[in-house]
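Novice: Please find one structure pasted underneath; my questions will follow.
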Amino acid sequence: MKKILVVEDNPDTMYLVCFMLNNHGYSVLQAWNGRESVEMAIRERPDLILMDIQLPDMDGLEATRQIRASPVDDSIPIAALTSYALANDRQQALAAGCSGYIEKPIDPDQFLNQIQHFLTPSSDETPHDHPDS
Ligand code: MN
């Protein structure tokens, strides 16, 4: 069972994300601030981390930098949860060591595909599937 660490301080978003992940058989861990996220990443070694940017203590960028500087394997994907409006957040997230991002508000129709994409071992050179129709 794949283990996903969700870092999010907004209860509604945390509930929605964890509900969808649980429903699809993922094992879900919750962290509500940056410090917790770093501790849990090191202790639990999740298969994927979903990282909110605005958190009550350090921001998600700093948490990502600390996870990347920790003994946690650098190949663990970290997906930033970024606001659609904030293009700057996305660039900063990548610079901080995130593997990519998922835009908020979360789109329930796309979310699980996005999760699977991050869990799939990197195949950057492989063209994406394009259905013929
Ligand atoms: Mn937040």
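Novice: So how tilted is helix 87-96 from the main axis of the chain? Cα-based, degrees 0 to 90, rounded to 10.
Specialist: 70
Novice: At 4 °C and 1.567 mPa s, grab the translational diffusion coefficient of the stretch 1-46 from Stokes-Einstein with a Kirkwood Rh over Cα pairs, rounded to a whole number in µm² per second.
Specialist: It diffuses with D of about 122 µm²/s by this estimate.
Novice: Right, next: Of all accessible surface on the stretch 1-87 at a 1.4 Å probe, what whole percent is carbon and sulfur?
Specialist: Percent of accessible area from carbon and sulfur atoms in the stretch 1-87: 51.
Novice: Another question, if that's okay. Each residue of the stretch 111-119 in order: what ³J(HN,Hα) in whole Hz does its phi give by Karplus 6.51 cos²θ - 1.76 cosθ + 1.60, θ = phi - 60°, with x for Gly and Pro?
Specialist: 4, 5, 5, 4, 4, 4, 4, 6, 7
Novice: If one takes the longest principal axis of the Cα atoms in the chain, at what angle in degrees, from 0 to 90 and to the nearest 10, does the Cα axis of helix 60-69 lie?
Specialist: 90
Novice: Between the alpha-carbon centers of the stretch 21-52 and the stretch 61-112, tell me the distance in whole angstrom.
Specialist: First find each Cα centre; the distance between them is then 13 Å.
Novice: Could you run the Karplus curve 6.51 cos²θ - 1.76 cosθ + 1.60 with θ = phi - 60° over the stretch 17-23 and give me ³J(HN,Hα) per residue in whole Hz, x for Gly and Pro?
Specialist: Going residue by residue, I get 5, 5, 4, 5, 5, 4, 4 Hz, with x marking Gly and Pro.
Novice: What whole-number volume per residue, in cubic angstrom, does the convex hull of the C-alpha atoms of the stretch 61-106 give?
Specialist: Per-residue hull volume (Cα only) is 59 Å³.
Novice: Could you grab the relative contact order for the chain? Cα pairs under 8 Å, six or more apart, rounded to a whole percent.
Specialist: 20
Novice: Can you pull the Kirkwood radius for the stretch 15-93, inverse mean 1/r over Cα pairs, to one decimal in Å?
Specialist: Final number for the Kirkwood radius of the stretch 15-93 is 13.1 Å.
Novice: Cα extents of the chain along the three principal axes, largest first, in whole Å?
Specialist: 48, 34, 30
The values are calculated or read from the model by the stated rules, or taken from the named source; none is laboratory data. Just so you know, these numbers come straight off a predicted model, no measurement behind them. The area values use the complete protein model at the heavy-atom level, side chains included, leaving out ligands, DNA and RNA. Shrake-Rupley method; radii C 1.70, N 1.55, O 1.52, S 1.80 Å.
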